[in-house]
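Down below is the structure, laid out as structure tokens.
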């Protein structure tokens, strides 16, 4: 009965107040994921950041994007999602109250966003200051080591006179998850050392592939982690 009431209320009340996005699209997405709502509707309403901050706190886009969401081991597809990298929280759209709503962090195992961005939640990482709620992009996955990327935003006060008092700044860190430890990678040499790779062989192979750490940290570190996982199988 609760599910039926939820669906009827949703169909009757959904009128999107989100600019440039179709309410029908949101409605269709929710109709396809009714079991999901029972898990997430109690997450609390989301409050937008002050309009005095220039920019937005979200990952890549300020509009909802359709991705997958894994809760308690169950994956739901085509869920409207926003990832706030300033507060490290995942947001969806409440169909009855027509508002953004938070998804309880402790229920989330992971989620995906367009362009093949896959995020996982790591419960604890006490040695890393930007751990937040624990969401990391899983860049390179292997049996022995994973490459993670932490996206986060900070704010900076603006000196010039304008309608904004501060601005959102986007930042990111790379980390290697190796065994029970997670290492915040700050240099090429550190990454090679953490993985126990042969520096000469890696440099030769990277040169053959025209890979450079300074020019593209993401690709270079992915190469290192993939090389390590491959060697672990040999």
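Taking residue 183 as the residue in question, decide whether it is surrounded by 15 or more Cβ atoms within 10 Å (Cβ to Cβ), more than 12 Å from the chain's Cα centre (by Cα), in a strand (DSSP E or B) and without any contact (Cβ under 8 Å) to a residue 40 or more places away in the chain. Here the answer is yes, as residue 183 does meet what is asked. Can you pull out the residues in the stretch 193-203 that are surrounded by 11 or more Cβ atoms within 10 Å (Cβ to Cβ) and more than 16 Å from residue 177 (Cα to Cα)? Of everything in the stretch 193-203, those that are surrounded by 11 or more Cβ atoms within 10 Å (Cβ to Cβ) and more than 16 Å from residue 177 (Cα to Cα) turn out to be 198, 199, 201, 202, 203. With respect to residue 59, determine if the residue is crowded, with 16+ Cβ neighbours inside 10 Å, touching a strand residue (DSSP E or B) at 6+ places or on another chain (Cβ under 7 Å) and more than 17 Å from residue 135 (Cβ to Cβ). So residue 59 fails the test. The criterion of at least 3 residues that are at pLDDT 95 or above, more than 11 Å from the chain's Cα centre (by Cα) and closer than 25 Å to residue 176 by Cβ is met by the following strands (runs of 3 or more DSSP E) wholly inside the stretch 53-165: 145-157.
Yes/no matrix, rows are residues, columns are (1) out of contact with any strand residue (DSSP E or B) (no Cβ under 9 Å at 6 or more places or on another chain); (2) without any contact (Cβ under 8 Å) to a residue 40 or more places away in the chain; (3) surrounded by 15 or more Cβ atoms within 10 Å (Cβ to Cβ); (4) over 28 Å from residue 51 (Cβ atoms):
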site	(1), (2), (3), (4)
123	yes, yes, no, yes
132	no, no, yes, no
136	no, yes, yes, yes
149	no, no, yes, yes
161	yes, yes, no, no
190	no, yes, no, yes
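Selection of the stretch 186-200 for residues being in a loop (DSSP other than H, G, I, E, B) and within 18 Å of residue 230 (Cβ to Cβ) yields 196, 197, 198.
The values are calculated or read from the model by the stated rules, or taken from the named source; none is laboratory data. Remember, predicted model here, so these are calculated numbers, not experimental data. As a convention, Cβ positions derive from the backbone with ideal geometry for all residues, glycine included, and neighbour counts pool all protein chains shown.
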